[in-house]
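Peer 1: I'd like to ask you about the structure that follows.
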Amino acid sequence: MRLTRDEMRGKAQTVLGLVDPAELGPTLMHEHLIWDITHPAKRDPASRGGPSPGQYWDLLNSHVADIRNTTQRDRAMASRATAEMVEAGGKTVVELTIGGLVPDPEGLAQVARETGAHIVMGCGHYVHDYQDPANHDRTVDSFAQEMIDQVQQGAWGTGVRAGIVGEIGCQWPWTDLEKRVLAGAVVAQQETGAALTIHPARHEDHPWMLVEFLRAHGADMSRTIIDHIDRTIFDDDRLFRLADAGVILEWDLFGQENTYYAHSDIDMPNDGMRLRTIRRVIERGHLDQVVISHDICHTIQFSEFGGHGYAHIQRKVLPHMRKRGYSEAEIDAIMVGNPRRLLTFI
Ligand SMILES: [Zn+2]
């Protein structure tokens, strides 16, 4: 059954159906609960369970590859991890496991039923290297229609509908295939009234290239989120220019403080540094453009394997924000107000 735009307008859409956005509460805007970020050439469909014991630091810092760290297919484990967030005061998780990362819509629905959390699912396709080769010749229209259907009808062969478009993946250099998917995602944003969330390439100039692309395609900048600011932008000139363009800025790697991130030369900030940067953005008048999350996508990050877990922002970051002089109104905007506005279909 296809929902019409009129039926969706003014509501948010979780994996269990439409809800009043006022029910969403504190929201993590970018997470994964059930995923496979193992490179497609190295996947083992039988792999499940947690990572090897005794290798926490090596796994955390990408020094060793272990598909049990990069593959998480266990619904019960996802439920336990989500329940912790609810217990700590969180309410909604935006789950952005999409094409290329092996989404499990029915699994998310099960987690939502078991935990009482609202789960809003993404749609579309992740970066080029993870996409099905069958995508390589597809057109913008084909991608657009697929995402519209995923929002209005159901995704990945199920009746579970997406509540946001993305995280649309981009790698460096940005590929033609990724541009076609993103152009289709903009059409899906325009046609459905959903927000759009984008995983930028690991290059400090790529977010601005996205802004130019989005403008040229007529995207609604106020409903477009640039993800992973923490690992992408390291200077205020680029950051403020992006803020002035009107896009939403997402610091979604809270709890990840490792120097040896993803084999890259990126100096990952710690949470305190993130909060200082966000403070500067707020002082400049951009409070309504800030959202945060953990982007958990390694099992080593689950609390049951010694990681920070999905309750980290509730348990650690929010108290730290208060200590650092953030007001309750600011915290409420970042955790509740901004996510609610973005997740409400227009
Ligand atoms: Zn992600």
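The values are calculated or read from the model by the stated rules, or taken from the named source; none is laboratory data. Bear in mind the structure is a predicted one, so any value in this text is a computation, not a measurement. All Cβ positions, glycine included, derive from the backbone under ideal geometry; neighbour counts span all protein chains shown. Areas reflect the complete protein model, heavy atoms only, side chains present, ligands, DNA and RNA absent. Shrake-Rupley method; radii C 1.70, N 1.55, O 1.52, S 1.80 Å.
Peer 1: Taking the range 24-73, which residues are hydroxyl-bearing (Ser, Thr, Tyr), more than 25 Å from Val94 (Cβ to Cβ) and in a loop (DSSP other than H, G, I, E, B)?
Peer 2: Ser47, Ser52
Peer 1: Confirm whether Asp230 is of a type in the set (Asp, Glu) and either crowded, with 19+ Cβ neighbours inside 10 Å or in contact with a strand residue (DSSP E or B) (Cβ under 9 Å, 6 or more places away or on another chain) (or both).
Peer 2: So Asp230 passes the test.
Peer 1: Counting just the residues of the range 87-109 that are assigned to a helix (DSSP H, G or I) and crowded, with 18+ Cβ neighbours inside 10 Å, which one comes out nearest to the ligand (Cβ to nearest atom)?
Peer 2: The residue in question is Leu108.
Peer 1: Please enumerate the residues belonging to the range 211-236 that are away from the ligand (no atom under 16 Å from the Cβ), among the aliphatic types (A, V, I, L, M) and closer than 22 Å to Thr277 by Cα.
Peer 2: Val211, Met221, Ile233
Peer 1: Here are some conditions: (1) within 16 Å of the ligand (Cβ to nearest atom); (2) within 26 Å of Asp149 (Cβ to Cβ). Asp20 meets all but one. Which one does it not meet?
Peer 2: (1)
Peer 1: Quick one: which of Asp137, Asp149, Asp129 is outside any helix (DSSP H, G or I) and either open to solvent by less than 10 Å² (accessible area, probe 1.4 Å) or not polar (S, T, N, Q) (or both)?
Peer 2: Sole residue among the options that is outside any helix (DSSP H, G or I) and either open to solvent by less than 10 Å² (accessible area, probe 1.4 Å) or not polar (S, T, N, Q) (or both): Asp137.
Peer 1: Of the residues that make up the range 148-156, is at least one within 16 Å of the ligand (Cβ to nearest atom) and in contact (Cβ under 8 Å) with a residue 40 or more places away in the chain?
Peer 2: The answer is no, given that none of the residues of the range 148-156 is within 16 Å of the ligand (Cβ to nearest atom) and in contact (Cβ under 8 Å) with a residue 40 or more places away in the chain.
Peer 1: Separate question: Does any residue of the range 45-59 turn out to be within 16 Å of the ligand (Cβ to nearest atom), farther than 20 Å from Val151 by Cα and not hydrophobic (A, V, I, L, M, F, W, C)?
Peer 2: So far as the range 45-59 goes, no, none of its residues is within 16 Å of the ligand (Cβ to nearest atom), farther than 20 Å from Val151 by Cα and not hydrophobic (A, V, I, L, M, F, W, C).
Peer 1: Another one. In the set Ala22, Ala12, Ala41, which member is over 24 Å from Asp295 (Cβ atoms) and not β-branched (Val, Ile, Thr)?
Peer 2: Ala22
Peer 1: Does the range 258-307 hold any residues that are within 16 Å of the ligand (Cβ to nearest atom), assigned to a helix (DSSP H, G or I) and on the phi > 0 side of the Ramachandran plot, and which are they?
Peer 2: Ala262
Peer 1: Another one. Go through the range 184-210 and report how many residues are open to solvent by 10 Å² or more (accessible area, probe 1.4 Å), within 16 Å of the ligand (Cβ to nearest atom) and more than 14 Å from the chain's Cα centre (by Cα).
Peer 2: Summing the residues that are open to solvent by 10 Å² or more (accessible area, probe 1.4 Å), within 16 Å of the ligand (Cβ to nearest atom) and more than 14 Å from the chain's Cα centre (by Cα) in the range 184-210 gives 1.
Peer 1: Just for the range 295-323: of the residues that are charged (D, E, K, R) and more than 15 Å from Pro26 (Cβ to Cβ), which one is least open to solvent (accessible area, probe 1.4 Å)?
Peer 2: Among those residues, the one meeting the criterion is Asp295.
Peer 1: Out of curiosity, is Ala117 under 21 Å from Val336 (Cβ atoms) and of a type in the set (A, V, I, L, M, F, W, C)?
Peer 2: Spelling it out, Ala117 is indeed under 21 Å from Val336 (Cβ atoms) and of a type in the set (A, V, I, L, M, F, W, C).
Peer 1: OK, next. Could you check the range 117-154 and list, in sequence order, the residues that are out of contact with any Leu (no Cβ under 7 Å at 6 or more places or on another chain) and within 15 Å of Leu33 (Cα to Cα)?
Peer 2: Ala117, Cys123 - these are the residues of the range 117-154 that are out of contact with any Leu (no Cβ under 7 Å at 6 or more places or on another chain) and within 15 Å of Leu33 (Cα to Cα).
Peer 1: Right, something else. With respect to the numbered conditions (1) surrounded by fewer than 20 Cβ atoms within 10 Å (Cβ to Cβ); (2) under 21 Å from Gly99 (Cα atoms); (3) more than 16 Å from the ligand (Cβ to nearest atom), which one is the sole condition not fulfilled by His39?
Peer 2: (3)
Peer 1: Conditions first: (1) open to solvent by 10 Å² or more (accessible area, probe 1.4 Å); (2) within 16 Å of Pro200 (Cα to Cα); (3) in contact with a helix residue (DSSP H, G or I) (Cβ under 8 Å, 6 or more places away or on another chain). Gly255 passes all but one, so which condition is the exception?
Peer 2: (2)
Peer 1: Ok, one more. Taking Ala12, is it away from the ligand (no atom under 16 Å from the Cβ), open to solvent by 30 Å² or more (accessible area, probe 1.4 Å), under 22 Å from Leu343 (Cα atoms) and of a type in the set (A, V, I, L, M)?
Peer 2: no
Peer 1: So, in the range 148-182, exactly how many residues are under 16 Å from His199 (Cβ atoms), in contact with a helix residue (DSSP H, G or I) (Cβ under 6 Å, 6 or more places away or on another chain) and of a type in the set (A, V, I, L, M, F, W, C)?
Peer 2: Matching residues across the range 148-182 total 6.
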